[in-house]
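Please treat every number below as a calculation from the coordinates, not as lab data. Keep in mind it's a predicted model, so treat the numbers as computed, not measured. So basically every Cβ, Gly included, is an ideal-geometry build from the backbone, and we count neighbours across all protein chains shown.
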Amino acid sequence: MERIVRILNQSGLQTRQYMDRKTGEQKVINSVTLKLTDGIDTFLGEITGERAVNCPKYDPQYLYRVQCSMVVREWNSQQSGEAMQATTIYIDKINLV
């Protein structure tokens, strides 16, 4: 997905732990979350890994072209056993227009 957006809000660097499904190891992921709007839709995009560590503070006065990937994650609720889904938008590229 590619969009021309304005950045409404940018989080600071966040670090969280997760369990690697393949190895069973505890790992850490770095991320920065951006709240974006294309003038119609507002959505959250996430920059992860080393790019998040080196992420500059973006100016909300400018327009940016973002290229994003969407990933759907599925799991079963531990409380109800119900199948759940969540869509995460990862920002692959971001540049000034």
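General observations
- Applying the criteria of a DSSP loop state and at most 12 other Cβ atoms within 10 Å to the GluC sites (Glu not before Pro) of the range 5-95 yields E25, E82.
- 5 angstrom amide H check on D92, placed H, neighbours 5+ away: Q67, C68, S69
- Proxy reagent accessibility, fewest Cβ within 10 Å first, across V71, V53, V5: V71, V53, V5
- Förster radius 30 Å - calculated FRET efficiency between V71 and L96, Cβ distance, rounded to 0.05: 0.70
- In Hz, Karplus ³J(HN,Hα) per residue of the range 28-35 (6.51, -1.76, 1.60; θ = phi - 60°; x = Gly, Pro): 10, 10, 9, 8, 10, 9, 10, 8
- Mean-position separation - Cα centroids, the range 35-67 and the range 5-34, in angstrom: 14
- Label-to-label distance, L44 versus R16, with points set 7 angstrom from Cα along the beta-carbon direction: 0.7 nm.
- Relative contact order of the chain, pairs being alpha-carbon contacts under 8 Å that are 6 or more residues apart, as %: 29
- Taking trypsin sites (Lys or Arg not before Pro) across the chain, the ones in a DSSP loop with at most 13 further Cβ atoms lying within 10 angstrom of their Cβ are R21, K22, K57.
- Computed over the range 1-68, the ratio Rg/Rh where both radii use C-alpha atoms and Rh is Kirkwood: 1.06
- Surface/4 estimate of mean projected area, convex hull on alpha-carbon atoms of the range 31-97, nm²: 5.9
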